[in-house]
Amino acid sequence: MARLTIPAEEYMRSGHSACPGCAATLVMRYVLKGLGPNAIVTLPACCWTVIGTPFPTTALNVPILDCAFEATGASVSGLRAAADALGLADVIVVGFAGDGGTADIGLQALSGMLERGTDALYVMYDNEAYMNTGVQRSGATPLGAWTTTTPVDATSRGKGEGKKDVMAIVAAHRPAYAATVNVAFPEDFLKRVEKTKTIRGPKFLHAFSPCPPGWRYPPEKTIAIGRLATDTNSFPLYEIEGGKYRITRKLGRARPVAEYLKAQGRFSHLTDAEIAAIQSEVDGRWARLLALETLG
Amino acid sequence: MPRMVLSGNYAQSYAAKLARVHVIAAYPITPQTAIVEKLGEFVASGELSAQFIKVESEHSALQACISAAALGARTYTATSSQGLLLMHELLHWASGARAPVVMGVVNRAVAPPWSIFTDHTDTVAQRDTGWIQFYAESNQEVLDTTLMAFRLAEHPDVLLPAMVTEDAFYLSHTVEPVDVPTQDEVDEFLPRRDVRGLIRPGAGVRLGSFTMPDLYEEFRHKIARAMERSAEVFFEIEDDYHRLTGRHHGGPLPTYRVDDADAVLMTMGTATTTARSVVDALRTRGNRVGLAKLRAFRPFPVKEVRQLAATVDRIGVLDRSFTFGAAGAAFTEVAAALYPETHRPALKNFVAGLGGRDLTPKVLEGMFKALLKGDGPEVDWPDLKRRAEVVRHG
Amino acid sequence: MSPHGHDAHKATAYITEQDLPERPLATVPSDVIKTASWRTFLPVIHLEACTKCYVCWKFCPDVAIGIDEAGWPVVRLDYCKGCGICAEECKPRAIDMVKE
Ligand SMILES: Cc1ncc(C[n+]2csc(CCOP(=O)(O)OP(=O)(O)O)c2C)c(N)n1
Ligand code: SF4
Ligand code: SF4
């Protein structure tokens, strides 16, 4: 029998309510595979509130504590403090939130958690919009993307603003550890998760999470699109440990961003000129990342 | 039992310390700051072994306490005014998750315009959030009630959050002699909580799931029942506390000289002390007046209000806040409680003392007199600065 | 959210207030909920082409691929939502999506 390349144990159960092909499920599945049975997950309003299935059922083999949409970082600190006070040292506290709940409404609580140095893992699964409420733009929605609040019509070309750089915001807090991960690369994903277990202090994972209905692509393409995001440098994989940047997946030559964009309905309106502008923005970000890595 | 000279704020801090809270999370706001500063000192010096979370807002303070409580920790926070309003969503999260968080609130007016002085708008505005609410008259009551609040909140038949409030500056910054129970006494009264049955590592459980219409309402009704039961449980707890310390503060609606009274004024918080001396003064002049102190606003003491009303013909309710478009909140609650009664006293609402305006003996005496005479509007703002006569233009 | 998820609670016997726990604490594993009805296409694994790389197992969002005692991947039909990721990612193309 060939060997499994990621841990066999499952902490996420079947029967959950995610859309077919949803990557947010894989983010949870991989995070918990890496962390093991001592994880306690605190979950704000997001798709996972619903994916986790309605009362009295639950889709995880570890505890979930629902918290207010904007308060994940605070919930994380409360759980950690309680675990420490009650002598539950082995508990691994995980905040698990969407991009809206992290980069927009929950940014203050996240900043608080990072700044006060809570020993915990915060995972932002990034489906690049408010999906649970029906695909509205978030600060993490990329330039040009269609959402229900950034329509494509005579006067609007999708989102007019660029994607908020959440990793830069997190990095500015000098956390113990931060990394980007992508469900298309489970082995790399698991390495990052397992690494968080060896580091004390606040840890952050920015997890790329393709969403078939929200991004308008057929569900079987979730992994392919995830792969393209990284292979085009749209979503580079890197980690920041003790302030040092390291790119964890480096390509000989990146593929054109157009391949990634054209695979998704949310970008189907983009003209060649608009795609070229996005390409140069991606190139610029990649060059900055390389420069940060050389800084050491 | 040592006697100390404590401000209301320090009475809160000492109560939380004696309760041996596991987790404290709080954010500064005048006039609450001394509560958390003192607790910070206790933790730093090792006198209190607790986790002190330095949160970046009141909102996060309460979320942190709720999450800590879900794991079985005894938690405490304190705030005031704008901070309490910022917490509003989380107040519902606490009761919905049945997290027995205890919170000290210094009653302060809300902006704009800015004011840091006594006013009950902040806590009265939270009356529908599923929190038990006690209003204190003295620093001794602050300390005793806070200790009782922990026991009540954590009681298996209750499991609801509770707030103990004190008037800004009148209590928060005024020192009084306070009898402080010993740690042994408090440990006997309030053992550190048994944490079994809550969220435990390794268990596939979820607290607060998405819940469909066929079950949601039942969970709300459970909160309603728990709130009702808390009224009965509180009597037992007060009796226990009395056995231990010799002090009893008289249930949710203690009364003063009401037996033969023609008119009774109902007050909350520190206005009670002044009103008591006004009752004595008026009685020496032959006016049969009495006083009732609304100590618990949630659950509202319907039974006690009815008992009081059975023998009195005129009741005035003093509200240090106002529900715009209606009347003072305590007044409307009293009126609602008395509607089914056969003997319904005449009711008057006095709205006064907002934003820290002094409720002087003269103002309070005026309320008793208006009650006895039965004149003036049903809802009156008796200490408003009005022009003596109406100025007519042109 | 799919409307299918709305029936989840019916898998248990909570009927009245007295049956419910005091706190809204969910304890029933979600796999009492079968999601097979979401599916229009069914993955069929051709074992003769399978190399036991377990890519299908690794990428299934519904934990709907198990591994039998002989090491072969098996679709757990109660849970597969028919997303097609397994077929798409299988390098030797050992999985076909077949209309049910
Ligand atoms: C205070 C508050 N505001 C708004 C909402 C409504 N709401 C629930 S989930 C959600 C969007 C979540 O978006 P995101 O965090 O990106 O997660 P996703 O749904 O995409 O997984 C919103 C706006 C809420 N629950 N609470
Ligand atoms: S909307 Fe997107 S993120 Fe949400 S459950 Fe469906 S696929 Fe997953
Ligand atoms: S079709 Fe989708 S849900 Fe079904 S087994 Fe394949 S990956 Fe899993």
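From the residues in the stretch B:211-251 that are among the small types (G, A, S) and within 14 Å of another protein chain (Cβ to nearest Cβ), which one is surrounded by the fewest Cβ atoms within 10 Å (Cβ to Cβ)? Taking the candidates together, the pick is B:A224. Contact annotation: residue pairs with Cβ atoms under 6 Å, 6 or more positions apart or on different chains, pairing a residue in the stretch A:1-29 that is at positive phi and at the interface with another protein chain (Cβ under 7 Å from one of its Cβ atoms) with a partner that is among the acidic types (D, E) and outside any loop (DSSP other than H, G, I, E, B), are A:G15/C:D31.
Of all residues in the stretch B:70-98, those that are touching a residue at least 60 places away in the same chain (Cβ under 8 Å), facing another protein chain (nearest Cβ under 10 Å) and within 21 Å of B:L190 (Cα to Cα) total 6. With respect to the stated conditions, A:D84 is free of Cβ contacts under 8 Å to residues at least 12 places away in the same chain, of a type in the set (D, E, K, R) and either under 29 Å from A:A168 (Cβ atoms) or within 13 Å of chain B (Cβ to nearest Cβ) (or both). The criterion of at least 1 residues that are closer than 15 Å to B:V379 by Cα and polar (S, T, N, Q) is met, among strands (runs of 3 or more DSSP E) falling completely within the stretch B:295-361, by B:346-351.
To keep it simple, each residue is scored yes or no on (1) among the polar types (S, T, N, Q); (2) more than 28 Å from B:T145 (Cα to Cα).
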site	(1), (2)
B:A203	no, yes
B:M212	no, yes
B:L215	no, yes
B:A226	no, no
B:S230	yes, no
B:E238	no, no
B:T245	yes, no
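For A:I51, the conditions (1) within 7 Å of another protein chain (Cβ to nearest Cβ); (2) within 16 Å of ligand 3 (Cβ to nearest atom) all hold with the exception of (1).
If the condition is being of a type outside the set (V, I, T), touching a Cys at 6+ places or on another chain (Cβ under 9 Å) and within 9 Å of chain A (Cβ to nearest Cβ), then the stretch C:25-40 contributes C:W38, C:R39. Within the stretch A:132-162, which residues are at positive phi and either among the polar types (S, T, N, Q) or surrounded by 14 or more Cβ atoms within 10 Å (Cβ to Cβ) (or both)? Those that are at positive phi and either among the polar types (S, T, N, Q) or surrounded by 14 or more Cβ atoms within 10 Å (Cβ to Cβ) (or both): A:V135, A:G144, A:G158. Only a single criterion out of (1) more than 16 Å from ligand 2 (Cβ to nearest atom); (2) closer than 22 Å to A:T196 by Cα; (3) under 17 Å from the mean Cα position of the chain (by Cα) is not satisfied by A:Y30, namely (1).
Within the stretch B:368-388, does at least one residue satisfy the condition of being crowded, with 18+ Cβ neighbours inside 10 Å, touching a residue at least 12 places away in the same chain (Cβ under 8 Å) and over 30 Å from B:K303 (Cβ atoms)? So far as the stretch B:368-388 goes, yes, one or more of its residues are crowded, with 18+ Cβ neighbours inside 10 Å, touching a residue at least 12 places away in the same chain (Cβ under 8 Å) and over 30 Å from B:K303 (Cβ atoms). In the set A:L43, A:L114, A:L26, only one residue is farther than 24 Å from C:K81 by Cβ, in contact with a Phe, Trp or Tyr (Cβ under 8 Å, 6 or more places away or on another chain) and crowded, with 22+ Cβ neighbours inside 10 Å; that residue is A:L114. Selection over the stretch C:29-53 of residues that are over 24 Å from C:E100 (Cα atoms) and either under 17 Å from the mean Cα position of the chain (by Cα) or in contact (Cβ under 8 Å) with a residue 40 or more places away in the chain (or both) gives a count of 3. Is it true that B:R225 is touching a strand residue (DSSP E or B) at 6+ places or on another chain (Cβ under 8 Å) and without any contact (Cβ under 8 Å) to a residue 60 or more places away in the chain? So B:R225 does not fit the description; no.
Residues in the stretch B:220-272 that are assigned to a loop (DSSP other than H, G, I, E, B) and among the polar types (S, T, N, Q): B:T270 alone.
Pairs meeting the criteria (first residue in the stretch A:90-115 and within 22 Å of A:K163 (Cα to Cα), second residue within 13 Å of ligand 1 (Cβ to nearest atom) and among the acidic types (D, E), beta carbons under 6 Å, at least 6 apart or on different chains) are A:D99/A:D126; A:I105/A:E70; A:G106/A:E70. For the stretch C:47-90, residues that are closer than 21 Å to C:V32 by Cβ and either more than 7 Å from every other protein chain (Cβ to nearest Cβ) or within 16 Å of ligand 1 (Cβ to nearest atom) (or both) total 9.
Considering each of B:R392, B:R288 in turn, give the residue that is over 22 Å from the mean Cα position of the chain (by Cα) and at pLDDT below 95. Checking each option against the conditions leaves just B:R392.
Would you confirm, using the coordinates I've provided, whether A:A45 is facing another protein chain (nearest Cβ under 7 Å) and more than 20 Å from C:D62 (Cα to Cα)? Here the answer is no, as A:A45 does not meet what is asked. Quickly run through the stretch A:122-149 and pick out the residues that are more than 8 Å from ligand 1 (Cβ to nearest atom) and of a type in the set (G, A, S). If the condition is that a residue be more than 8 Å from ligand 1 (Cβ to nearest atom) and of a type in the set (G, A, S), then A:G134, A:G139, A:G144, A:A145 are the ones that fit.
Across the stretch B:183-210, the number of residues qualifying as more than 7 Å from every other protein chain (Cβ to nearest Cβ) and at pLDDT 95 or above comes to 8.
Residues in the stretch B:162-204 that are touching a Ser or Thr at 6+ places or on another chain (Cβ under 7 Å), among the polar types (S, T, N, Q) and part of a loop (DSSP other than H, G, I, E, B): B:S172, B:T174. On the stretch given as the stretch A:93-111, residues that are more than 7 Å from ligand 1 (Cβ to nearest atom) and buried (at least 24 other Cβ atoms within 10 Å of the Cβ) total 8. When A:T57, A:T118, A:T72 are checked against the criterion of being touching a strand residue (DSSP E or B) at 6+ places or on another chain (Cβ under 9 Å), among the hydroxyl-bearing types (S, T, Y) and within 7 Å of another protein chain (Cβ to nearest Cβ), a single residue qualifies: A:T57. At least 2 residues being among the charged types (D, E, K, R) and more than 8 Å from ligand 3 (Cβ to nearest atom) is the threshold, and among the strands (runs of 3 or more DSSP E) wholly inside the stretch C:32-100 those reaching it are C:95-99.
The values are calculated or read from the model by the stated rules, or taken from the named source; none is laboratory data. Bear in mind the structure is a predicted one, so any value in this text is a computation, not a measurement. Note: ideal-geometry Cβ built from the backbone for every residue, glycine included; neighbour counts use all protein chains shown.
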